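Novice: Submitted below is the structure of interest, expressed as structure tokens.
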Amino acid sequence: MDEAVDDIVNVPKWAAPPSPRVRQLWRAIVLSVAYVAVYLALDRISFIEPLHGVNITPWNPSTGVMLALLIVKGVRWFPVVLVAELISGATLPQIPILPAPLFVAAIVVTVGYASAAAILHHVRFDASLRRSSDVVVLLLAASTSSCLVATAFVATYAAAGVVPWTGFADAAFHYWIGDAIGIVVFTPPLLMITQSLALPAPTGRGRNWLQLLEVPAQGASIVAALAAVFLQIGGDHPLGVFYVLFLPLIWIATRRGVVAASWALLAIQAGLIAGLDTAAALRAASPPAWSWLKADD
């Protein structure tokens, strides 16, 4: 009788639930594929007016995603980062690049930001960004690491003849600013998302209807500020009214703190890139109607 019961209860090995190690492996594979897909998609979207035909663009949101992954999951994820960077370097440039400089450049980017993540871990950086000191440390790491990576990246392509040495300083500066913007805009929201997923959701008690209405009002203020920039309200050139973008950002930061300010900064940056891309397309289609985009003589 006992043997019959054992035969019924026992489950074949192929039908048994996967072990924790197998589930962990599958989660790692899914996250790796998702990361590479998101990285390449962001690189493609932000590949606007590349300097010298390579990945030197006005902003690099993929760098923010890269640093967030290395901070949250650890430096051991550097192979995934390297694979994404290699694919990006091989598919995006508008000019042919030899495998050697492409591989060296990918190593430079991976090692540079993996080192930044390791240093942040060493100084006990808190990814929740609850302390103002953590925000300052992240900004310092972003500016320093992106500067070093930009210098080495452009030097690699300059040695390969892709970037002229006469344009080295300009190319390195553009790459530095693009990476720094990508980190400042994307890394804080991603870090706070991962931290909030591990915490219980806050209740909505204590919020009145006026506080709830403030959120869409702040979103509308961002839209209005972007419209002011691209519709030339208050000036003959959009650069003359860029300062209005600070108004909703200051409002949101003072009322809701770093978390909301990070999301507001991300929305403003995305709106600027989308607006400039659309304006450039319209300018190409109808130059007289979009003459305001040209610099004054």
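Novice: What's the total number of residues in the range 254-279 that are closer than 30 Å to Ser132 by Cα and modelled with pLDDT under 70?
Specialist: First, pick out the residues of the range 254-279 that are closer than 30 Å to Ser132 by Cα: 254-273.
Remaining after also requiring modelled with pLDDT under 70: 254-259.
Qualifying residue count for the region: 6.
Novice: As an exercise: evaluate Lys73 against (1) farther than 20 Å from Ala180 by Cβ; (2) of a type outside the set (Asp, Glu); (3) touching a Ser or Thr at 6+ places or on another chain (Cβ under 6 Å) and give the number of the one condition it does not meet.
Specialist: (3)
Novice: From the list Val149, Val185, Val162, Val154, exactly one residue is under 29 Å from Trp251 (Cβ atoms) and either among the aliphatic types (A, V, I, L, M) or at pLDDT 90 or above (or both). Which is it?
Specialist: Val185
Novice: Among the numbered conditions (1) modelled with pLDDT of 70 or more; (2) under 17 Å from Trp263 (Cβ atoms), tell me where Ala180 comes up short.
Specialist: Every listed condition holds for Ala180 apart from (2).
Novice: A further question on this structure: Checking the structure you have, find out if any residue of the range 189-208 is in a helix (DSSP H, G or I), more than 21 Å from Tyr39 (Cβ to Cβ) and modelled with pLDDT of 90 or more.
Specialist: For the range 189-208, residues in a helix (DSSP H, G or I), more than 21 Å from Tyr39 (Cβ to Cβ) and modelled with pLDDT of 90 or more: absent.
The values are calculated or read from the model by the stated rules, or taken from the named source; none is laboratory data. A quick note: this is a predicted structure, and the numbers were derived from the prediction, not measured. Every residue, glycine as well, gets a Cβ built from its backbone with ideal geometry; the counts of neighbours run over all protein chains shown.
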